[in-house]
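Novice: I have a structure here, written as structure tokens, and I will follow up with some questions on it.
Bear in mind that the values in this text are calculations on the coordinates, not laboratory data. Just so you know, these numbers come straight off a predicted model, no measurement behind them. Ideal geometry is used to build each Cβ from the backbone, glycine not excepted, and the neighbour counts take in all protein chains shown.
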Amino acid sequence: MIQGQLTRLSRTTHGIAYDTTNDEIVAPNPLAAAIVIFRGGATGEEAPVRTIQGARTGLSRPETVAVDEKNNELVVGDPGDRRVLVYRRDADGDAAPLRTIQGPKTKLLQVVGVAVDPIRDLLVVSTYSRLPGGTTGLLIFGRTDQGDVAPRRVIAGPKTGVSRLRQIGLDPETGKIYVAAINNEYLPPYDVDKPRAGLDPNVDLPSPWNTGSEGFIGVWDDEKDDGDVPPRSMIKGRSTGIVHPAGVTFNARDGEVIAPDAVWNGLFTFLKPELFKTSRPAEAGHYRGASPGVR
């Protein structure tokens, strides 16, 4: 456990990344407009080995991070200024980004996930919007794109089944994107002293989450998919433990998909990645009943 004042962490830290090559943990601190990097074996009240923070960094409210281990770069999604920033992997202090993607052409809004495919030189961003005409889905850029540039492809629309999403994981070997589609919105269960109208007491989920559709982990292809297309595969259903997946990551070494769920307060590991090599439902059908591995 890493906790305490010296860590410079805050309660709003969400999208964490692990650098397998350099054995480092990378975490955003949106309240401090900072990125903190710990050694892989950090424990207790241990200070980060590096901190990216300051006026030159361009950070406003960093939400999520990814490490490009092949190109020695650190990618940060910042919804505060609706931008994606790229730094040297070993950046420290008030370091300026190498590249920034920002502007109306980018379609970036609430940036909640970033992932890098160094094999195909692609950058994938998950973003959502509640504004009319806004984009909720995946934006695929060139890895070295910068400025106000349009994404090469956009995966979004009713057929995706995504109404709200968060983190994404990516398997560079196959180009598969693993998406945490949380979908259901949080609403308080009570309005002053009166139960919220329409609340179904028979639903077996905690009451604050009884809105919208249940979430899932969806799988798309970062090189082939474009437009309003359904996921190629899904992890979905009560047997999986996935209701409100707050994040997702892909463990390439062991071929595992790992996702935390914010309703059941659990961490679920799914085995047998060959299940995700199917084609689309119209061609081969979804796999909906993956059993989580026990760790």
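Novice: Taking the Cα centre of each part, how many Å lie between region 71-104 and region 149-181?
Specialist: Their Cα centres are 20 Å away from one another.
Novice: Right, next: Region 66-176: Rg/Rh from Cα coordinates, Kirkwood Rh?
Specialist: On the Cα set of region 66-176, Rg over Rh gives 0.95.
Novice: If the viscosity is 0.692 mPa s and the temperature 37 °C, what Stokes-Einstein diffusion coefficient in µm²/s follows for region 1-102 when Rh is the Kirkwood radius over Cα pairs?
Specialist: Rounded to a whole number, D works out at 248 µm²/s.
Novice: Ok, one more. Under the 0.36 nm per residue contour assumption, what length would be gained going from the current alpha-carbon distance of residue 99 and residue 12 to full extension? Numbers along the way, then the final one.
Specialist: On the way: separation 87, 0.36 × 87 = 31.32 nm, distance 2.52 nm.
Going from the current span to full extension adds 28.8 nm.
Novice: If you line up the Cα atoms of region 100-159 on their principal axes, what length do they span on each, largest first, in Å?
Specialist: Extents along the principal axes, in whole Å: 33, 25, 18.
Novice: Quick check on region 1-126: of the DSSP beta bridges with both residues there, what percent are antiparallel, nearest 5%?
Specialist: Given both bridge residues lie in region 1-126, the antiparallel proportion sits at roughly 95 percent.
Novice: Scan region 12-52 for GluC sites (Glu not before Pro) in coil per DSSP, keeping those whose Cβ has at most 13 other Cβ atoms within 10 Å, and list them by number.
Specialist: 45
Novice: Multiply the residue separation of residue 150 and residue 252 by 0.36 nm, subtract the distance between their alpha-carbon atoms, and state the gained length in nm to one decimal.
Specialist: Full-extension gain reported as 33.8 nm.
Novice: Going by C-beta contacts inside 10 Å, put 12, 136, 64 in order with the fewest on the left. Can you show the working numbers first?
Specialist: Values: 12 12, 136 20, 64 28.
Ascending Cβ contact count within 10 Å gives the list 12, 136, 64.
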